[in-house]
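Here's the structure we're looking at; comments come further down.
The values are calculated or read from the model by the stated rules, or taken from the named source; none is laboratory data. In this text, all values refer to a predicted model and were calculated from it rather than measured experimentally. So basically every Cβ, Gly included, is an ideal-geometry build from the backbone, and we count neighbours across all protein chains shown.
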Amino acid sequence: MLGSLTLLLLCQLIGEVAVRATGLPLPGPVVGMALLFAGLLVRGEIPQALADTAGALLRNLSLLFVPAGVGVMIHLSLVEREWLPIAAALIGSAVITVAVTALVLQLLSRWLRGAGEKE
Amino acid sequence: MGGVDEELWRIWVYLAETPLVGLTVTLAAYLAGDWLYRRAKLNPLANPVLIAVLLLVGLLLLTGTDYPTYFEGAQFVHFLLGPATVALAVPLYRQFRQVRRHALPLLVALVAGSLTAAGSAVGIAWALGASLETLLSLAPKSVTTPVAMGIAEQIGGLPSLTAVLVILTGIAGAVLAPHTLNLLRIRDWKTRGFAIGVAAHGIGTARALQIDEVAGAFSGLAMGLNALATAALLPLLVRLLF
């Protein structure tokens, strides 16, 4: 538990330092996540202690968004002014994104399967 | 009487100054939200985070507490977002092993979906006259919250506005995606799950898992990959455009 928590923090720390040192336009924790992912690929399995710690954190992931979400109270006047473009963008973009992703995936899968059958 | 009032006042002043209250009300509000979500049979409209945020904003406005005071306590919860983001590598790796065979079509669909999510949201909001900070806060809205907030900070959006937009996006996606996919006559569970995960991250994944296990796994994979793809692509795009 403690060891795997240290590993998670270490990955994040390396990520934060790497981002600041190189000026890469990436969030530090995402670099940390990529590092851990690469580590798992090299190792070829997930150590049980890491699986447990990650599971405990991720089961309660939703809770961790709450403090930041409450910060919307600072921007209430902005939301009041721009609620229409925001609502339209969220609803429109959800439908368009689902449609584009699904159609591209379906077309490519069919095309690849078709090409595979011809060989 | 005056003595009791004074005593209460002293207790209030003490409480307002410790991080204990902010931390406790955050957990309590989330538990209340989670309870309501279960009562509503996991209906995506009864999202526990949204309920908790509404309860807390109401409470803070009612008691005249400002956000920085609240955040002194809530920061202990907030801090865990970093290691939790790193921990996303674990489920990503677990799903990645299962889907290696489909790698090429998934990667192309991922990039197309990631660009469409940001592009369509920014395009619609821009056409309707949204301000630049709203546009930049909207751009990463299809990515899981901790990563989206990091991207918003990188590109000059408002991370706390992004956090709420991400949750609303998840709700919109979870509610609208099944109808959209039915309309397009897409029946393959892998395709359905992946599309929901790209558009609506964890909230969409929770919805996909309720319907079909394969759809849930592909949705979770899409969420993880989309976090990486958008974090890599969006800041570069914004740098080129602005």
Next on the checklist: For segment B:73-95, give me each residue that is more than 20 Å from the chain's Cα centre (by Cα) and more than 8 Å from chain A (Cβ to nearest Cβ).
Outcome noted: B:Gly73, B:Gln95
Checklist entry - For segment B:145-181, how many residues are among the small types (Gly, Ala, Ser), assigned to a helix (DSSP H, G or I) and either in contact (Cβ under 8 Å) with a residue 40 or more places away in the chain or more than 8 Å from chain A (Cβ to nearest Cβ) (or both)? => result 5
Checklist outcome for this item: Filtering segment B:90-100 for residues that are within 18 Å of B:Ala229 (Cα to Cα) and in contact (Cβ under 8 Å) with a residue 24 or more places away in the chain leaves a count of 5
Checklist entry - Which condition number in (1) more than 9 Å from chain B (Cβ to nearest Cβ); (2) under 28 Å from B:Pro91 (Cβ atoms); (3) among the polar types (S, T, N, Q) is the one that A:Ser77 fails? => result (2)
Checklist entry - Looking at segment A:70-86, is at least one residue within 27 Å of B:Leu106 (Cα to Cα) and touching a helix residue (DSSP H, G or I) at 6+ places or on another chain (Cβ under 7 Å)? => result no
Checklist entry - Which of (1) within 13 Å of another protein chain (Cβ to nearest Cβ); (2) in a helix (DSSP H, G or I); (3) not aliphatic (A, V, I, L, M) does B:Asp5 not meet, given it meets every other one? => result (1)
Next on the checklist: On the basis of being under 20 Å from the mean Cα position of the chain (by Cα), surrounded by fewer than 21 Cβ atoms within 10 Å (Cβ to Cβ) and part of a loop (DSSP other than H, G, I, E, B), does A:Ile14 make the cut?
Outcome noted: no
Item to check | Extreme residue, surrounded by the fewest Cβ atoms within 10 Å (Cβ to Cβ), among residues of segment B:51-65 that are within 9 Å of chain A (Cβ to nearest Cβ) and without any contact (Cβ under 8 Å) to a residue 12 or more places away in the chain | outcome: B:Leu61
Checklist entry - Quick one: would you say B:Thr205 is at pLDDT below 95, in a helix (DSSP H, G or I) and either at the interface with chain A (Cβ under 7 Å from one of its Cβ atoms) or touching a Cys at 6+ places or on another chain (Cβ under 9 Å) (or both)? => result no
Checklist outcome for this item: Residues of segment A:47-62 being within 8 Å of chain B (Cβ to nearest Cβ), surrounded by fewer than 18 Cβ atoms within 10 Å (Cβ to Cβ) and aliphatic (A, V, I, L, M), in sequence order, are A:Ala51, A:Leu58
Checklist entry - Which ones in segment B:125-144 are surrounded by 24 or more Cβ atoms within 10 Å (Cβ to Cβ), in a helix (DSSP H, G or I) and at the interface with chain A (Cβ under 8 Å from one of its Cβ atoms)? => result B:Ala125, B:Thr134, B:Leu138
Checklist outcome for this item: Scanning segment B:104-124 for residues that are within 7 Å of chain A (Cβ to nearest Cβ), free of Cβ contacts under 8 Å to residues at least 12 places away in the same chain and either closer than 22 Å to B:Val164 by Cβ or crowded, with 24+ Cβ neighbours inside 10 Å (or both) gives B:Thr116, B:Ser120, B:Ile124
Checklist outcome for this item: Conditions (1) over 21 Å from B:Gly173 (Cα atoms); (2) more than 16 Å from the chain's Cα centre (by Cα) -> B:Asn43 fails only (1)
Checklist entry - For segment B:208-222, how many residues are of a type in the set (A, V, I, L, M) and within 11 Å of chain A (Cβ to nearest Cβ)? => result 1
Item to check | Lone qualifier among B:Leu27, B:Leu36 - being outside the structural domain of B:Thr162 (by TED's automatic domain parsing), surrounded by 14 or more Cβ atoms within 10 Å (Cβ to Cβ), under 20 Å from the mean Cα position of the chain (by Cα) and free of Cβ contacts under 8 Å to residues at least 40 places away in the same chain | outcome: B:Leu36
Next on the checklist: Go through (1) part of a helix (DSSP H, G or I); (2) free of Cβ contacts under 8 Å to residues at least 40 places away in the same chain; (3) closer than 27 Å to A:Phe37 by Cα for B:Leu240 and report which single condition fails.
Outcome noted: (3)
Next on the checklist: Contact list please: Cβ distance under 6 Å, first residue in segment B:125-144 and without any contact (Cβ under 8 Å) to a residue 60 or more places away in the chain, second residue in a loop (DSSP other than H, G, I, E, B) and buried (at least 24 other Cβ atoms within 10 Å of the Cβ), pairs at least six apart or on different chains.
Outcome noted: B:Ser137/B:Gly157
